[in-house]
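Below is one structure; the comments refer to it alone.
All of the numbers you see were taken from the coordinates with simple rules; none came from a lab. Remember, it's a predicted structure, so these values are computed and weren't measured experimentally. Here Cβ is always computed from backbone atoms with ideal geometry, including for glycine, and neighbour counts include all displayed protein chains.
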Amino acid sequence: MRSSPLRRPRKRPRGVRFRQLERGRRVSIPGIRRTLTGAAALLVGLTLGAAAPAEAAPVALVTDPAAYVDPFVGSTRGGNTWPGATRPFGMIAWSPTATTGDQTSAPASNGYDWNVTRLRGFSLTHVNGAGCSPGAAGDVPIMPYVGPVDSSPTADTKDAKYASSFSHANESATPGRYAVTLDSGARADVAVNTRAGVGDFTFPAGSEASLLFRTSNSLNGSEDASITISPERRTVEGWVLTGGFCGRRGNGGGATNPNRRSYYKVYFSAAFDRDFARTGTWQNSTLTPDSLSASGGEGYLTGADRAGKGSGGWVGFDTTTDSDVRMRVGISYVSLSGAAANRDTEVPDGVTPSTVGEATRAAWNAELKRIRVGGGTEDRTKAFYTAVYHSLMQPQTMNDLDGQYLGADMKTYRIRPGQKAAYGTFSGWDQYRAQIQLLGLLRPDVAGDMATSMADFAAQNGGVWDRWLHLGAPTHVMTGDPAAPTLATWYAMGVRNFDSRAALDSLVRQATVQNPDALSDAGCPGQCKGQRPTLNTYLALKYAANDICHCWGGAAETLENSLADYSLAMWAQRAGRGDLARQFRPRGDYWKNTYNPAVGHQAARRADGSWQAGFTPSTDVGFAQGSSATYTWMVPQNVSGLATLMGGRPAAAARLDSLFHDENGNWAVLGGNALRYDPTNEPGIHAPWLYNGLGQPWKTQETVRQIVDTAYGTGPGGLPGNDDLGTMSAWYVFAAIGMFPQVPGRAEMLLGSPVFTRVEINRSNNVRLTINAGTTDKYVQSTRLNGSRLTRSWLPESFVQRGGTLDFTLGTTANTSWATGPADLPKDN
């Protein structure tokens, strides 16, 4: 999801340096070209009839992948990532909030942009790469401040006083740890566990030093907040009642936006290693020295409506003989006692940022090593492991150590027997196209617990599976029914640790019984409250009528629902529910009813059957964050059917060529043109792989490689657009290993060409996948699957489900005969 319907690409900054707090030990990674030896040479020898040389050692795999992660990747150019400290699937995410001179706003949706070097605090919660600005969270900014606290920080509406500039030369980040020295002379060094963190704050000797707790200053504002300071216990505790995801969105209902509401309360409990020299609080513009408590929120609006409102408190320290302060902090969505228990268990007294950071770095290495690579360039290896890192930030752990978690209805629940964790935050419309497949591939156990959590959130939400969950709460953002293809895909990939029958029945009910909100325009177009909007009319017409659909766009809704219903049919078929499979399979073809043969594109259609006037391929009328030129290809479940409507596979392939090239034949894969491929947003990210189904797989290989090498990279500008909770990063991971999910609801993989000569994937269910290639050349010459010649440009589901070995022979010129026969094309079924 991105912040505007058709965004122009931004220039990538030049000369950006790569920094990490701890580099770790590196291994020698072979270059792109290398002598063919061992198994790779034997493979080529078998293909070309040459004698095999003596066997040599295999290509070395990366042993310390965390050393290749750069948390700054995507922190500008609209990537909306953040560099702070977090753990895999972590609850706490401790990262800086920057300012451009407006306390009610931030330079990016998650608070940080590489090009803005002034900070107003270090917030405890974040969401990776969301497109709304501000996006979500950024709760409880904590600011190390040098100087007298003699006025209300909330009254500093322009962040002129209680903020500080910094230089990137004094900033560092590694998985699990972040540090920066501010120009004020204060330094913050923070590291985290899953639910808690520890920070060392250093001040200039002899300075008046304080930590400001801006309890009400969440990125989107707040309804209420509270802080309590205890000098005797050396603690600062409190909470903020907030929410508001996309609450300012211009295309989300304006003043009636349903997300201008509170849907969670996050508690924090901080403990210090030394006494306080001073305390105080503030509310709005009133400062109260020596006070120990305060409360008050900011509201959810902007500018003058919110400026100067809110509350917080501060604690000061005597730096005459000791200028260092250590703080341990835990968070909880359930209670203050839960936050304190999380803190004292995960970061007990005596830990340091070094010890906690080292442990979390090891936890990241354990996750990153589930997919080990070798034989790639240094930059591709950096981009790759940073992409895996970003992909596994979510879902987010929601339960406290005692198993309690916040439900979608703001009530407290406990995880189910056998469930290891409750997980939340699901940007469905984005994630179901790549991120959930990578999660299911690497961590099927986490995917199953997430499926359980989503089912429970739906039950707590009146049976409605919302499109976009922040934590467990419905936000209604985007379009379609992404929970259906998500769970269907996980089931296809072998995920079984959830009540699949109950979940399928619930999603079937959502797809067949209209709920009351389905007839409401509340929040439309961007955050339409109704799930499966105007369902009865949709089922009668077999498309979403653009003039009455109560949705973002009728054509987009039809395409999304067609794919969701197809995935439900696939799930039902696997589960032995033939009745459901037969019911939903025809609904997977409803996309044909918004394909206008007169113009050869998907188009908005009215309830009377007529087409929306004024059509051009670049139009976004009837679509959601995309054009007809992009959405026309959003039929991965029936490529052959789409090709037939376009005049056959060769004609369709020629049409697809024009999506990736301009009128002069030059590559056009960086976005900014509604008629061309957009790597910054989700509706078309599968399109480069469609050539496989059109009988021209070499074009998949060259197109994917072009996108990998030009739209992605290293450094702060290394993502093409919003990371959207790991979706764009997951796309890169799949592209780099040479395979991509064929269609949601199934587990086959389409083949490209890997940028590494060796890949080993160890799923958490002990299934192992191996990919070998003699070179990292662009074009596939031949492949073998488990030792046998493979003439298809796709892998069967058994490869993901049970494991295997795939061997590529690659070359510098296209093999236009490989995997082009009718029997070798990906199957539509």
| message | Taking the number of other C-beta atoms within 10 Å as the exposure measure, put M739, M646 in order starting with the fewest. | response | M646, M739
| remark: What the Cα atoms of the range 323-373 span along the principal axes, largest first and in whole Å, is 42, 34, 14
| Positive-end residue of A359, G407, T377, charge dipole of the chain with Cβ unit charges | T377
| field | Where only C-alpha atoms are counted, convex hull volume of the range 298-386 per residue in Å³ | value | 262 Å³
| request: Determine, from the Cβ-Cβ distance of D344 and D589 and an R0 of 56 Å, the FRET efficiency 1/(1 + (r/R0)^6), rounded to the nearest 0.05. | output: 0.50
| message | To check you understand DSSP bridge types, tell me what percent of the beta bridges within the chain (both residues inside) are antiparallel, rounded to 5. | response | 95 percent
| What is the distance, in nm, between label points placed 7 Å from the Cα along the Cα-to-Cβ direction at D324 and at A654? | 7.2 nm
| said: If I model a spin label as a point 7 Å beyond the Cα along the Cα-Cβ vector, how far apart are those points for K827 and S293 in nm? | reply: 6.8 nm
| field | Those lysines that a straight Cα-Cα span of less than 24 Å connects to K265, excepting residues fewer than 8 apart in one chain | value | K309, K411, K420, K529
| query | Farthest toward the dipole's positive end in the range 82-365, which of V347, I229, G84, given Cβ charges of +1 (Lys, Arg) and -1 (Asp, Glu) about the Cα centre? | reply | G84
| query | Using a basic spin-label model with each label point 7 Å from the Cα along Cα→Cβ, how many nm lie between A502 and K411? | reply | 1.5 nm
| query | For helix 697-710, what angle does its Cα long axis make with the longest principal axis of the chain, in degrees from 0 to 90 and rounded to 10? | reply | 20 degrees
| message | Only four residue types carry charge here, +1 at the Cβ of Lys and Arg and -1 at the Cβ of Asp and Glu. Report the dipole size of the chain about the Cα centre in Debye, rounded to the nearest 20. | response | 1860 debye
| query | Given the C-alpha centroids of the range 444-459 and the range 73-87, what is the distance between them in whole angstrom? | reply | 26 Å
| request: Note the angle between two axes, namely the Cα long axis of helix 554-574 and the longest principal axis of the Cα atoms of the chain, as a number of degrees from 0 to 90, rounded to the nearest 10. | output: 80 degrees
| message | How large is the convex hull of the C-alpha atoms of the range 82-365 per residue, in Å³? | response | 112 Å³
| request: Arrange E367, E232 by Cβ neighbour counts within 10 Å, fewest through most, would you? | output: E232, E367
| For F276, F245, order by how many other beta-carbon atoms lie within 10 Å, fewest first | F276, F245
| said: In Å, what Kirkwood hydrodynamic radius results for the range 615-756 from the alpha-carbon pair distances? | reply: 15.4 Å
| query | Looking at [x] 145, 83, 65; [y] 106, 67, 60; [z] 79, 71, 54, which value of Cα extents along the principal axes in Å comes from a calculation on the structure shown? | reply | [z]
| Karplus (6.51, -1.76, 1.60) ³J(HN,Hα), θ = phi - 60°, over the range 205-216, in Hz, Gly and Pro reported as x | 4, x, 7, 7, 10, 9, 10, 8, 9, 8, 4, 8
| message | Starting from 0.36 nm per residue, how many nanometres of slack lie between A60 and D521 once their C-alpha separation is accounted for? | response | 160.3 nm
| message | Compute, for the range 82-365, the length of the dipole vector about the Cα centre, with Cβ point charges of +1 (Lys, Arg) and -1 (Asp, Glu) only. Units Debye, rounded to 20. | response | 800 debye
| said: What is the angle, in °, between the Cα long axis of helix 353-368 and the longest principal axis of the Cα atoms in the chain? Nearest 10 is fine, range 0 to 90. | reply: 10 degrees
| request: State the extension gain, in nm to one decimal, for the chain segment bounded by H168 and N766, taking 0.36 nm per residue of separation less the distance between their alpha-carbons. | output: 211.1 nm
